[in-house]
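The values are calculated or read from the model by the stated rules, or taken from the named source; none is laboratory data. What you see is a predicted model; the values in this text were computed from it and never measured. Cβ coordinates were reconstructed from backbone atoms using ideal geometry, including for glycine residues, and neighbour counts include every protein chain displayed.
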Amino acid sequence: MIEVIAHIFIIAGIIFDLLGCIGMVRLPDVYNRLQASTKCVTLGTCSILFGVFVRYGFSAMGMSALVCIVFLLLTAPVAAHALVRAAHRSGFELDEITVCDDYKDDSDLRT
Amino acid sequence: MFFSGGRVLSLISTYWGFDPGMRSRILTFIIVMVFWFLITFSIDLQHAIVGLLLAFIVAMSGVGDMFAGKAGKWLSARRYWFFVLYVLIFLKEVAKANIDVAYRVLHPELPIRPGIVKVKTDIKSETGLTFLANSITLTPGTLSVDVDAENGIIYVHWIYVKDRNIEEASRLIAGRFEKVIKEVFG
């Protein structure tokens, strides 16, 4: 029974990781691609790690998986934030379907 | 007895009361030790000695001063309840975010309308702003680009811009978290 629950979590995680990869291919520019990859890959990987925890319980491996979930949830948004800010600063264009860019307008005002 | 239990306790409470630097170091030491024992998950002597050494080095290096600065507030029970509430809201929003992105990615016409909007917030503390920006990144269709801490403005890349107006956008994006984060980290 525990094995089945663990496998359900792991399979769901793999599906979300796959969706994130599809998003990386299909969406138009850096910013939208980061949206897909950050959200889906974070939850997908957390789900896989939780499956590992369910399978191995309170052992060295299971607890490492739980701790990894905490660190992943804390660090993934920071990495995405750093990437997207660097992309904007180095002048990557937003795709032409973009409707507004308040960040560019404001930084033009400042300089 | 020079090192009786009472003396050690009074020594700790003296530092706890008057020296914020030492206080945050003691806190860092405890947190690092807890994480060490969770990861190794064994309580034999070798692991304990290595863990104590490493935790001591990390605590004394002063890394913890960044986040454990206001250690006095760690003792308020109210904040922990709001933190639990925050985690629950956060998990719900993360699940919604993933279904939302999955829908947009798999839809044949890619229903996106991206743009960068401004979000206004009242939160002033650095930890609070960090948590708000992180929460925004992990919720449906939004990704924080930059934080202007002085004016309390977060620039957010939104995959489907519903409203460009700063008040309306703030309500839609940050409204879910702002009150709770203010209670916990404000």
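Confirm whether A:Leu94 is within 10 Å of another protein chain (Cβ to nearest Cβ) and not in a helix (DSSP H, G or I).
In short, yes.
Checking the condition closer than 21 Å to A:Leu72 by Cβ, assigned by TED's automatic domain parsing to the domain that holds B:Glu178, among the aliphatic types (A, V, I, L, M) and at pLDDT below 85, which residue from B:Leu143, B:Leu138, B:Leu110, B:Leu132 passes?
The match here is B:Leu138.
Could you tell me which residue of region A:23-60 is surrounded by the fewest Cβ atoms within 10 Å (Cβ to Cβ), considering only residues that are hydroxyl-bearing (Ser, Thr, Tyr) and within 11 Å of chain B (Cβ to nearest Cβ)?
Top of the filtered list is A:Ser59.
Could you tell me how many of the residues in region B:121-138 are β-branched (Val, Ile, Thr) and under 10 Å from the mean Cα position of the chain (by Cα)?
So the count comes out to 2.
Name the residues in region B:112-132 that are within 16 Å of A:Val99 (Cα to Cα) and out of contact with any helix residue (DSSP H, G or I) (no Cβ under 9 Å at 6 or more places or on another chain), would you?
B:Arg113
Return a yes/no flag: does region A:17-27 have any residue that is under 19 Å from B:Ser144 (Cα atoms) and either outside any helix (DSSP H, G or I) or out of contact with any helix residue (DSSP H, G or I) (no Cβ under 6 Å at 6 or more places or on another chain) (or both).
Yes, that holds for at least one residue.
Does region A:94-111 hold any residues that are at pLDDT 70 or above and loosely packed, with under 11 Cβ neighbours inside 10 Å, and which are they?
Passing the criteria: only A:Glu96.
In region B:117-159, what count of residues is obtained for those that are aliphatic (A, V, I, L, M), touching a residue at least 40 places away in the same chain (Cβ under 8 Å) and touching a Phe, Trp or Tyr at 6+ places or on another chain (Cβ under 8 Å)?
Total meeting the criteria: 6.
Could you grab me the full set of residues in region B:31-50 that are surrounded by 14 or more Cβ atoms within 10 Å (Cβ to Cβ) and more than 14 Å from chain A (Cβ to nearest Cβ)?
Within region B:31-50, just B:Ala48 meets the criteria.
Every residue, every condition in (1) among the aromatic types (Phe, Trp, Tyr); (2) under 23 Å from B:Val101 (Cβ atoms), yes or no:
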{"position": "B:Ile123", "(1), (2)": "no, no"}
{"position": "B:Leu143", "(1), (2)": "no, yes"}
{"position": "B:Asn151", "(1), (2)": "no, no"}
{"position": "B:Tyr160", "(1), (2)": "yes, yes"}
{"position": "B:Asp163", "(1), (2)": "no, yes"}
{"position": "B:Val184", "(1), (2)": "no, no"}
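Can you find a residue that is under 16 Å from A:Asn32 (Cβ atoms) and either among the small types (Gly, Ala, Ser) or more than 8 Å from chain A (Cβ to nearest Cβ) (or both) anywhere in region B:170-182?
Looking through region B:170-182, none of the residues is under 16 Å from A:Asn32 (Cβ atoms) and either among the small types (Gly, Ala, Ser) or more than 8 Å from chain A (Cβ to nearest Cβ) (or both).
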